Amino acid sequence: ADISPATPDPRFLPKDKIMAIERTFSIIKPDATERNLTGAVNAVIEKAGLRIVAQKRIRMTKEQAETFYAVHKARPFFGELVEFMTSGPVVVQVLEGEGAIAKYREVMGATDPSKAAEGTVRKLYAKSIGENSVHGSDAPETAAIEIAQFFSGNEIVG
Ligand code: ADP
């Protein structure tokens, strides 16, 4: 098999360094689709060794956005967030790889692009703390819930 440097062969890692193959949920947000950055974001994702195993471009309904961000309902930016997420097309994705959840959070960078590390998606492309180009699940439980909100099993091809 072709083993790229970004994805070391797990057989040669010490036992405690072996992470599980995980799936995480990703959204390329309206500020990024609007600037035609889907391919640019996907290039960063794939370069990090994550595999895009499901992907579709949709227009989120208000109801979908409110359900998706229900955890932030009480926050002052909730209305603005729902408005933004429904303002244009988004690309929803399932990403797969070793430790995919933490790895994608690293690839995305900090929520606030001014605090994001060099080379991260948000450092490269985000416009502001709200219009920050990408979403990624923060834990295995939320990843499972978020994937199930947008994909059925037969749409995910690993
Ligand atoms: P992350 O997306 O990095 O997990 P959070 O879960 O804290 O960040 O917030 C969810 C989303 O809500 C952010 O990605 C961003 O789009 C929006 N958001 C967060 N904080 C603010 C804020 N202070 N003002 C406006 N929008 C915000």
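The table below lists the values:
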quantity: Enumeration of residues in the range 46-79 that are buried (at least 18 other Cβ atoms within 10 Å of the Cβ) and over 14 Å from the mean Cα position of the chain (by Cα); calculated: 60, 64, 65, 66
quantity: Residue match in the range 78-98 (condition: in contact with a Gly (Cβ under 8 Å, 6 or more places away or on another chain), closer than 19 Å to residue 52 by Cβ and within 12 Å of the ligand (Cβ to nearest atom)); calculated: no
quantity: Selection within the range 145-157 - in contact (Cβ under 8 Å) with a residue 12 or more places away in the chain, under 18 Å from residue 21 (Cα atoms) and assigned to a helix (DSSP H, G or I); calculated: 146, 147
quantity: Matching residues, the range 121-144, being within 15 Å of residue 28 (Cβ to Cβ) and without any contact (Cβ under 8 Å) to a residue 40 or more places away in the chain; calculated: 122
quantity: Residue pairs meeting the criteria (Cβ under 8 Å; at least 6 apart or on separate chains; first touching a residue at least 24 places away in the same chain (Cβ under 8 Å) and over 21 Å from residue 107 (Cα atoms), in the range 50-79; second in a helix (DSSP H, G or I) and of a type in the set (Asp, Glu)); calculated: 68/146
quantity: Enumeration of residues in the range 117-158 that are exposed (fewer than 14 other Cβ atoms within 10 Å of the Cβ) and within 11 Å of the ligand (Cβ to nearest atom); calculated: 128, 139
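Read-outs: derived from the displayed coordinates by stated rules, not from any lab. All figures in this text were calculated on a predicted structure; none of them were measured in a lab. Note that we place each Cβ from the backbone using ideal geometry, even for glycine, and neighbour counts take in every protein chain shown.
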